[in-house]
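Engineer: Before I ask anything, let me first share the structure, which is written out below as structure tokens.
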Amino acid sequence: MKLPELKSGDIRYVSEGILHILIAAYIFYENLFMAVLLIPYIAMHAKECRKIAENRRKTAMAQEFKDGIMAVSFALNVGYSIENSFAEAVNELILLYGANSDIVGRFRGIVTRLNQNENLEDILMDFAKESGVEDIAYFAEVFRYAKRSGGDIISIIRNTAGIIQGKLETAAEVETVISGKRMEQKVMSIMPFGIILYLKLTAREFIAPLYGNILGMSVMTVCLIVYVIADRWAKRIVNIDV
């Protein structure tokens with residue numbers, strides 16, 4: 001049976017998760033072997049990190065796509081056909097993001113398929129499915145309807161770009177507002193570890209009964225469970241999707 005290939009990001013997330021459970025095992029139990037019981041946390045951490053990375057990718061893709069269709073709109077305004085407009089957009093995107101960027105590769109794929117006489121609406125629908133970006137899916141649906149009903153393609157492209165830009169600006173404003181709260185949440189997440197470590201160094205006799213016995217381990221386990229729940233709850237509060 002062939003094992004799934006791990007991406008560099010997945011390796012990093014797993015490594016971070018292992019480090020976290022080793023620290024937790026020492027802080028809460030003073031026994032690194034207890035990290036074995038915390039292994040499920042690694043999957044939780046990796047899943048959460050992948051979700052954050054995916055959201056960032058989608059936000060970046062939406063911004064790049066908006067710039068791409070704006071370039072298409074400008075080319076249409078000066079008289080280019082829809083096919084040639086996408087080819088012109090590739091040149092603009094290369095200047096903005098570089099020849100090896102993902103968005104340039106995707107727009108080149110659109111141009112290639114257009115040159116093979118495929119329907120643009122079908123190409124855009126495939127693009128939307130592959131990207132997984134809601135704004136691109138919305139544009140593809142509107143474009144397909146307008147193309148079939150004879151709507152104003154230039155206006156649709158321009159309006160869609162404006163809608164995407166508005167959402168991106170709103171998301172940026174929300175991020176600015178909650179960035180401070182997110183930093184506070186990260187500090188509060190570290191505080192329990194810092195407090196316990198401080199007590200270990202300055203008042204060892206005060207917390208010594210919590211280590212090396214079943215009752216103490218049970219108390220620390222309950223504290224750890226409460227901490228994980230509170231930490232995940234706090235992250236959900238400060239992570240707002242726009």
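Engineer: Which is modelled with pLDDT of 85 or more and loosely packed, with under 15 Cβ neighbours inside 10 Å, of Leu201, Leu224, Leu215, Leu197? Before the answer, list the steps.
Structural biologist: Details: Leu201 fails: modelled with pLDDT of 85 or more; Leu224 fails: loosely packed, with under 15 Cβ neighbours inside 10 Å; Leu197 fails: modelled with pLDDT of 85 or more.
Answer to the check: Leu215.
Engineer: Hey, another quick one. Answer yes or no: is there a residue in region 46-68 that is more than 26 Å from Lys167 (Cβ to Cβ) and within 18 Å of the chain's Cα centre (by Cα). Step through it out loud before you land on a result.
Structural biologist: Filtering region 46-68 down to residues more than 26 Å from Lys167 (Cβ to Cβ) leaves 46.
Then drop every residue that is not within 18 Å of the chain's Cα centre (by Cα), which leaves 46.
The answer is yes, given that some residue of region 46-68 is more than 26 Å from Lys167 (Cβ to Cβ) and within 18 Å of the chain's Cα centre (by Cα).
Engineer: Filter region 60-101 for residues that are under 20 Å from Asn159 (Cβ atoms), hydroxyl-bearing (Ser, Thr, Tyr) and in a helix (DSSP H, G or I) and give the result.
Structural biologist: Scanning region 60-101 gives Ser73, Ser85.
Engineer: Could you say whether any residue in region 193-203 is over 18 Å from Ile23 (Cβ atoms) and among the charged types (D, E, K, R)? Step through it out loud before you land on a result.
Structural biologist: We begin by selecting, within region 193-203, every residue over 18 Å from Ile23 (Cβ atoms); these are 202-203.
Cutting the leftovers down to among the charged types (D, E, K, R) gives us none.
No; the residues of region 193-203 include none that is over 18 Å from Ile23 (Cβ atoms) and among the charged types (D, E, K, R).
Engineer: Right, here's the next one. Please verify whether region 109-132 includes one or more residues that are among the hydroxyl-bearing types (Ser, Thr, Tyr) and over 30 Å from Ile237 (Cα atoms). First the steps, then the outcome.
Structural biologist: Initially, region 109-132 is screened for residues among the hydroxyl-bearing types (Ser, Thr, Tyr), giving 112, 131.
Narrowing further to those that are over 30 Å from Ile237 (Cα atoms): 112.
Looking for residues that are among the hydroxyl-bearing types (Ser, Thr, Tyr) and over 30 Å from Ile237 (Cα atoms), one finds at least one in region 109-132, hence yes.
Engineer: Quick one: which residue in Ile39, Ile94 is closer than 30 Å to Lys200 by Cα and surrounded by fewer than 17 Cβ atoms within 10 Å (Cβ to Cβ)? Step through it out loud before you land on a result.
Structural biologist: Working: Ile94 fails: closer than 30 Å to Lys200 by Cα.
One residue alone meets the criteria, Ile39.
Engineer: Would you be able to tell me the number of residues in region 110-138 that are within 28 Å of the chain's Cα centre (by Cα), in a helix (DSSP H, G or I) and not hydrophobic (A, V, I, L, M, F, W, C)?
Structural biologist: Here the count works out to 9.
Engineer: Grab the helices (runs of 4 or more DSSP H) fully contained in region 139-242, keeping just those with 2 or more residues being farther than 20 Å from Phe28 by Cβ.
Structural biologist: Working: elements: 153-202, 204-207, 214-238.
Of the helices (runs of 4 or more DSSP H) lying wholly inside region 139-242, those with at least 2 residues that are farther than 20 Å from Phe28 by Cβ span 153-202, 214-238.
Engineer: Within region 1-53, take every residue that is outside any helix (DSSP H, G or I) and more than 23 Å from Met191 (Cβ to Cβ) and give me the one that is modelled with the highest pLDDT. Break it down stepwise before answering.
Structural biologist: Restricting attention to region 1-53, the residues satisfying the condition of being outside any helix (DSSP H, G or I) are 1-7, 30-31, 39.
Those left that are additionally more than 23 Å from Met191 (Cβ to Cβ): 1-7, 39.
Details: Met1: 34, Lys2: 39, Leu3: 34, Pro4: 42, Glu5: 46, Leu6: 49, Lys7: 60, Ile39: 90.
Only one residue tops the list, namely Ile39.
Engineer: Turning to a different aspect of this structure: Would you mind telling me which numbered condition in (1) touching a helix residue (DSSP H, G or I) at 6+ places or on another chain (Cβ under 9 Å); (2) modelled with pLDDT of 85 or more Asp152 fails?
Structural biologist: Result: Asp152 fails condition (2) only.
Engineer: Identify all residues within region 152-170 that are over 27 Å from the mean Cα position of the chain (by Cα) and surrounded by 13 or more Cβ atoms within 10 Å (Cβ to Cβ); write none if there are none. Reasoning before the result, please.
Structural biologist: Let us first name the residues in region 152-170 that are over 27 Å from the mean Cα position of the chain (by Cα), namely 152-156.
Hits for region 152-170 are Ile153, Ile154, Ile156.
Engineer: May I ask you to list the residues in region 66-95 that are among the aliphatic types (A, V, I, L, M) and in contact with a Gly (Cβ under 9 Å, 6 or more places away or on another chain)?
Structural biologist: Quick first cut of region 66-95, residues among the aliphatic types (A, V, I, L, M) only: 69-72, 75-76, 78, 82, 87, 89-90, 93-95.
Correct list: Ala89, Val90, Leu93.
Engineer: Might you let me know whether region 140-149 holds any residue that is at pLDDT below 85, exposed (fewer than 12 other Cβ atoms within 10 Å of the Cβ) and within 23 Å of Ser85 (Cβ to Cβ)?
Structural biologist: Within region 140-149, one or more residues are at pLDDT below 85, exposed (fewer than 12 other Cβ atoms within 10 Å of the Cβ) and within 23 Å of Ser85 (Cβ to Cβ).
Engineer: Mind checking which residues of region 81-135 are of a type in the set (Ser, Thr, Tyr) and either modelled with pLDDT of 90 or more or more than 22 Å from Lys58 (Cα to Cα) (or both)? Quick ask: steps written out before the conclusion?
Structural biologist: In the first step, residues of region 81-135 are kept if they are of a type in the set (Ser, Thr, Tyr); the result is 81, 85, 97, 101, 112, 131.
Of everything in region 81-135, those that are of a type in the set (Ser, Thr, Tyr) and either modelled with pLDDT of 90 or more or more than 22 Å from Lys58 (Cα to Cα) (or both) turn out to be Ser81, Ser85, Tyr97, Ser101, Thr112.
Engineer: Looking at (1) more than 19 Å from Gly79 (Cα to Cα); (2) free of Cβ contacts under 8 Å to residues at least 12 places away in the same chain, which is the one condition that is false for Asp135?
Structural biologist: Condition not satisfied by Asp135: (2).
Engineer: Ok, one more. Can you name the number of the only condition in (1) under 21 Å from Tyr227 (Cβ atoms); (2) free of Cβ contacts under 8 Å to residues at least 60 places away in the same chain; (3) of a type outside the set (Ser, Thr, Tyr) that Glu92 fails?
Structural biologist: (1)
The values are calculated or read from the model by the stated rules, or taken from the named source; none is laboratory data. What you are looking at is a predicted structure, and each value in this text was computed from that prediction instead of being measured. Backbone-built Cβ (ideal geometry, glycine too); neighbour counts: all protein chains shown.
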